[in-house]
Amino acid sequence: MKMNNLLGGLDPDLAARVLSRREAVMRSSKMAGALAIASMPVAFGLMAKKAFAQGTLPQPIIDVLNFALTLEYLEDEFYRAGLDSPDLDLGDTRTVFEQISAHETDHVTLLEGALGASAVDKPTFDFTAGGTFDDVFSNPATFITLAQGFEDTGVRAYKGQAGNLISDNTILTIALQIHAVEARHASMVRRLSQSPGEKGWITLASNSVAALDAVYAGEDNTVHLGVDAAQFGTAESASEAFDEPLSREEVLAIAGPFIVQ
Amino acid sequence: MIDRLNHGLRELDFLARLAKATSRRTFLHWSGVTIAVATVGCGDDDDGTGPSGTVSAADSTATVPAMVSAGSAATITVQAKNSAGSNITTGGATVSATVMGDNAAGPIAATDNGNGTYTITYTPANAGTDTVAITLNGTAISGSPFTVTVAAGAVSLGTGDIAVLNYAYALEQLEAAFYVQVVTTPYSGITAEETAILTDIRDHEVIHRDFLKAALAAGAIPDLSVDFTAVDFTSRDSVLQTARTFEDLGVAAYNGAGQLLESADYLLVAGKIVSVEARHAAAIRDLLNPLSADFAGDDVVDPTSGLDRAFTPTQVLTAADPFVVTPIDPSGLPTA
């Protein structure tokens, strides 16, 4: 594997493309939005109704939701492709990935419903990241490695946006509810890793796959609110006990190699 | 006429004091007319001869709560009296209390209210029985020492963001105590993998607990008493099912509490913790039902929305109640 590709250069236009409402509106199908609304769950439907009643969501919240939607598009398509691949024998882990896949589909539906016409289009993905992960849909080990990277990144991505949603209790709570599901996925996928003894939680900034280093950068932090939690255990256990956020830019740098356009 | 009236009033005042001092039903007569009936009690040791403005410790009384809750202030009011048993209406005496028993403290100086009353406040931390000796100018007052029963107090979480963090701290106390017990007395047949996972989780919950206590500093609630008699620590099923309950509950609690926070810094810390609770929940669930969909089962992740649960503090505290002995007063928690 070419280790650097996963952390490779971020397409400079990517962030703008993901976050641009104007372009999203231009490219988005209003019919697709309406269909999504029709099928979305009650709680989110209420939220979306509230948002539409106000005219529109504030732009900063639209930006956060489109950022989240892009990640959910990525995860949703990744698991669908894996489960659909005749060359990928997931064996007794298949049930796990079916459950994860179903949740990612739900999340896409939720976010599309909330955003309506403001939702960004689904990008075109390349899960080999330009050939780095050529056997992603034929080798379970590679598939699980990428799943771990996407889930742990997803946890960090939602965590990093919570503060930007603090003004909207409904959307904040839904984001937290998705965040926790991503963390459940991450824990499970990590424990499926071929790496012996891989834990469901993240020790320091280490991981067994060097290509995922960027996913775990900064996870070794143990100081929160000015208190070093390592004094209540060890640096290792304290780093495990707290997951760390990533900024939007950091997440997009990680996701960039998988997004073609 | 005025002189005669003033004389009569002085005589009336004297008779009234005499009536109190002698604790007898006394009919007061003035100019042949019965104008008042006084029935007043006072100490048996009162000789009724002290000057009206002189404080008598032996005649002074205190209102002491017979029962208070641990963590709540016990407020004692002392009424200075003269040897005739009449209230003194000016301050200046030295009043203090010494607490003995389960919450030994003092001497605690009273606040002089300037009107003959004095206020003593102490906050017992421990349930039990306290004996409170009260002196006025160095001499024990009537009824001292007093007995105060301290009930396991309803612990107030406080208000605002502090209340939300204390709410989290309460849950982390519960989880930490549980896993400490699990690791101390492992169930029969525990595997190496299970020991590793449960020891890790024990460490994480202890760190969450101690971290929140340190972050809350003086605002932290006291240690809670917990009760795990419903758990069979020798049974794998009992332990892991309880662990699953606690982890899922923790996730739902943090998910529901995020919106109650005003501070983005606190929200971030809550987010850092909740995802680790969710990781725990998934691992415990996978131990119970390996390689199934249960790690993020439909019972906790709505299969229609893909959302984990978000509980209100009331829902969470109700679910935790069987395991928490110390009553928790969540009334100061924000509602939105």
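The values are calculated or read from the model by the stated rules, or taken from the named source; none is laboratory data. Just so we're clear, the structure is a prediction, and the values are computed from it rather than from any experiment. Glycine also receives a Cβ, built like all others from the backbone with ideal geometry; neighbour counts cover every protein chain displayed.
Here are the numbers for the structure shown:
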| quantity | calculated |
| --- | --- |
| Enumeration of residues in region B:92-106 that are surrounded by fewer than 16 Cβ atoms within 10 Å (Cβ to Cβ) and outside any strand (DSSP E or B) | B:GLY92, B:THR94, B:ALA104 |
| Number of the condition not met by A:ASN169 [criteria: (1) at the interface with chain B (Cβ under 7 Å from one of its Cβ atoms); (2) crowded, with 21+ Cβ neighbours inside 10 Å] | (2) |
| Qualifying residue in region A:177-189 (condition: surrounded by fewer than 24 Cβ atoms within 10 Å (Cβ to Cβ), touching a residue at least 24 places away in the same chain (Cβ under 8 Å), among the hydrophobic types (A, V, I, L, M, F, W, C) and more than 26 Å from B:PRO313 (Cβ to Cβ)) | no |
| Selected residue (criterion: nearest to the chain's Cα centre (by Cα)) from residues of region B:107-130 that are crowded, with 16+ Cβ neighbours inside 10 Å and assigned to a strand (DSSP E or B) | B:TYR122 |
| Candidate set: region A:78-94, residues that are of a type in the set (A, V, I, L, M) and farther than 17 Å from A:ARG190 by Cα; chosen: the one farthest from the other protein chains (Cβ to nearest Cβ) | A:ALA81 |
| Residue match in region B:190-205 (condition: more than 18 Å from B:ARG285 (Cα to Cα), at the interface with chain A (Cβ under 9 Å from one of its Cβ atoms) and more than 20 Å from the chain's Cα centre (by Cα)) | yes |
| Residue check, B:ALA296 more than 7 Å from chain A (Cβ to nearest Cβ) and crowded, with 24+ Cβ neighbours inside 10 Å | no |
| Verdict on B:ASP223 being within 14 Å of chain A (Cβ to nearest Cβ) and charged (D, E, K, R) | no |
| Condition broken by B:VAL148, with the remaining ones in (1) assigned to a loop (DSSP other than H, G, I, E, B); (2) farther than 30 Å from B:ALA281 by Cβ satisfied | (1) |
| Extreme residue, nearest to B:ALA168 (Cα to Cα), among residues of region B:299-317 that are of a type in the set (A, V, I, L, M) and within 7 Å of another protein chain (Cβ to nearest Cβ) | B:ALA310 |
| Residues of region A:95-132 satisfying the condition of being over 15 Å from A:HIS185 (Cβ atoms) and in a helix (DSSP H, G or I) | A:THR109, A:LEU110, A:LEU111, A:GLU112, A:GLY113, A:ALA114, A:LEU115, A:GLY116, A:ALA117, A:SER118 |
| Enumeration of residues in region B:167-213 that are polar (S, T, N, Q) and in contact with an Asp or Glu (Cβ under 8 Å, 6 or more places away or on another chain) | B:GLN173 |
| Residues satisfying the stated conditions in region A:112-166, i.e. buried (at least 24 other Cβ atoms within 10 Å of the Cβ), more than 11 Å from every other protein chain (Cβ to nearest Cβ) and in contact with a Pro (Cβ under 7 Å, 6 or more places away or on another chain) | none |
| Selection count where residues are within 14 Å of A:THR170 (Cα to Cα) and at pLDDT 50 or above, scope region A:48-61 | 3 |
| Selected residue (criterion: farthest from the chain's Cα centre (by Cα)) from residues of region B:280-293 that are within 25 Å of B:GLU172 (Cα to Cα) and at the interface with chain A (Cβ under 7 Å from one of its Cβ atoms) | B:ASP286 |
| Within region B:231-275, considering residues that are among the aromatic types (Phe, Trp, Tyr) and within 29 Å of the chain's Cα centre (by Cα), the one farthest from the other protein chains (Cβ to nearest Cβ) | B:PHE246 |
| Region A:220-232 residues that are at the interface with chain B (Cβ under 7 Å from one of its Cβ atoms) and farther than 14 Å from B:ILE273 by Cα, paired with ones that are aliphatic (A, V, I, L, M) and outside any loop (DSSP other than H, G, I, E, B) (beta carbon under 7 Å, 6 or more apart) | A:VAL227/B:ALA214; A:VAL227/B:ALA215; A:PHE232/A:ALA238; A:PHE232/B:VAL206; A:PHE232/B:ILE207 |
